[in-house]
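Before any comments, here is the structure.
The values are calculated or read from the model by the stated rules, or taken from the named source; none is laboratory data. The structure presented is a predicted model; accordingly, all values stated were derived computationally and were not measured. Neighbour counts are summed over all protein chains in view; Cβ atoms, including those assigned to glycine, are modelled from backbone coordinates with ideal geometry. Remember, those area values only see protein heavy atoms, side chains included, never the ligands or the DNA or RNA. Shrake-Rupley method; radii C 1.70, N 1.55, O 1.52, S 1.80 Å.
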Amino acid sequence: MKTNMQIKEELASQGYIWMPAYKNILQRVWQHTETYFDDDETVLSALWASFKRYEDKMVGIVFITDKRTFTLEILDNDLSTQIRYLPFDSYSLQKIQLQFSKNSGGLHYVSLQNDSFGNGVTFGTPNKDVAQHFVDTLSGRTNGKIEILPDSDNPLLAENEREQVIDENLEKAKEVVPHKFEKKHEEIKPMKEFDQWRKAPPEAKDKVVEIKVVPPKKVKQKKDKKGTYAEKWKSKTWLLWFLLPVIGLGTILMIIFIA
């Protein structure tokens, strides 16, 4: 465990001479850092700033040591006393942006973005030298791209929404005006109509469909069959056909017998 004096001396050996005189960070965070450091690690830089963690307003310090990078932070109010320890992998950062304020009383921003969509955390500090020292130290301990943005009084978001040109020499950058989000306010002119468009077949919803009324087909009634075989069977008239030969034969035999 290191004492506060040892941490201060190690930072001074790295050219860091500024104490966190901002939003009471010196008393609320700095004075409670002793338990977070091992004896065998060296403190290289410290970025004290205000920022937002999701929807919570926070204040704290981002430390860089020869072994790790982490943040000690606390809620930005007078009631909270719980310090959060959040380590992160500096080599996983994809982009680090540095934006200085135009006036001496503004905040200087360091944005640590951990993916290609610009998600991350942006830290604001009133000390320009603290922000520069932190980025210079982090530049040798990350694979992310470092961008120096134009001086501005507008807060820098975690995702950089302004189209800008970055100076290769990390000196002065120039902002492109208008930026891409101003294009949506321009008047949208109608496209030129071509002859081929008018010849194109209408869409299904625009077609006029002719409706024909078709009368229902007449159902033909079945013809009743007269005197079916079954009906004659039921009426027993068929017995006459058998009786006639018998009657005729009897008559003939009677005539022969008489004669």
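Brief remarks on what is shown
- Against the conditions (1) surrounded by 14 or more Cβ atoms within 10 Å (Cβ to Cβ); (2) of a type in the set (G, A, S); (3) at pLDDT below 95, G60 satisfies every one except (3).
- Residue match in the range 25-35 (condition: in a loop (DSSP other than H, G, I, E, B) and either among the charged types (D, E, K, R) or within 18 Å of Q132 (Cβ to Cβ) (or both)): no
- Every residue from the range 14-26 that is within 40 Å of the chain's Cα centre (by Cα) and exposed (fewer than 14 other Cβ atoms within 10 Å of the Cβ): A21
- Of residues in the range 27-46 being in contact with a Leu (Cβ under 9 Å, 6 or more places away or on another chain) and either open to solvent by less than 40 Å² (accessible area, probe 1.4 Å) or among the aliphatic types (A, V, I, L, M) (or both), the one modelled with the lowest pLDDT: T33
- Among the residues making up the range 140-149, those that are surrounded by fewer than 18 Cβ atoms within 10 Å (Cβ to Cβ) and either of a type outside the set (D, E, K, R) or at pLDDT below 85 (or both) are G140, N143, I146.
- The range 110-132, residues that are open to solvent by 30 Å² or more (accessible area, probe 1.4 Å), closer than 21 Å to L11 by Cα and touching a strand residue (DSSP E or B) at 6+ places or on another chain (Cβ under 6 Å): K128
- Complete set of residues in the range 2-13 that are part of a loop (DSSP other than H, G, I, E, B) and either on the phi > 0 side of the Ramachandran plot or buried (at least 17 other Cβ atoms within 10 Å of the Cβ) (or both): K2
- Any chance F100 is touching a residue at least 60 places away in the same chain (Cβ under 8 Å) and open to solvent by less than 30 Å² (accessible area, probe 1.4 Å): no
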